[in-house]
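Here the structure is laid out as structure tokens; the discussion comes afterwards.
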Amino acid sequence: MSIMVDYLIILWGILLITLMAIGGFFMFRKFLKRLPKEDGNSALDWEEHYMELTRNMWEPEEKQLLEELVSPVPELFRDVARQKIASKIGEVALNKNQRNITRDALIEGYIIATPKRDHKFLRKTLRKKKIDVTPYESLFHLSPETYRQGFRERYSKKKS
């Protein structure tokens, strides 16, 4: 009986240490997002900034499409995903000097904000809604680092 209790205590200790390590990992990731970058603002500060600037720019159709696009995210993480994606969409719309969030800015911001594994769901959803993905093909092939490089310059070239 004593050996069984010893093994149970050891297994319980391993379980607790494993769960604390997993929780610590996610807390550390959140902490790193809160650290200020070179410009003095953190990634989360910029997300909140773009959310506040574009809060009144959303049309009901675009809100509905965003909700549909974040639907596969587990409910526990959906609010965080929605904020990250919506802030990137707002950044795209502001860089294009748009007065409202358009479907074009929404799709482009979604592609930029999400990892490549989510692009398959986006393509499927757009196909279901009969929206052509051809204008966005170049964005699908870029990496997140490439999006950020020369972001403002690309839009100033498109305008002229």
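At a glance:
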| read-out | value |
| --- | --- |
| Violating pairs (Cα-Cα greater than 31 angstrom) within the set 33/128; 30/63; 88/128; 37/130 | 33/128; 37/130 |
| Value at 222 nm in deg cm²/dmol, rounded to 500, when DSSP H runs of n ≥ 4 in the chain each add -39,500 (n - 2.57) | -22500 deg cm²/dmol |
| Alpha-carbon centroid distance for the pair the range 1-47 / the range 54-100, whole angstrom | 29 |
| Isotropic mean projected area of the C-alpha convex hull, the range 46-112 (nm²) | 4.1 |
| FRET efficiency estimate (nearest 0.05) - Cβ-Cβ, residue 25 to residue 97, R0 45 angstrom | 0.65 |
| The chain: DSSP helices with Cα axial extent of at least 18 Å and average Kyte-Doolittle hydropathy no lower than 0.5 | 2-34 |
| Equivalent ellipsoid semi-axes - Cα gyration tensor, the chain, angstrom | 39, 20, 15 |
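Throughout, read-outs are computed from the coordinates displayed, never taken from laboratory work. Owing to the predicted nature of the structure, the values given are computational and were not obtained by experimental measurement. All Cβ positions, even for glycine, are placed from backbone atoms using ideal geometry, and neighbour counts span all protein chains on display.
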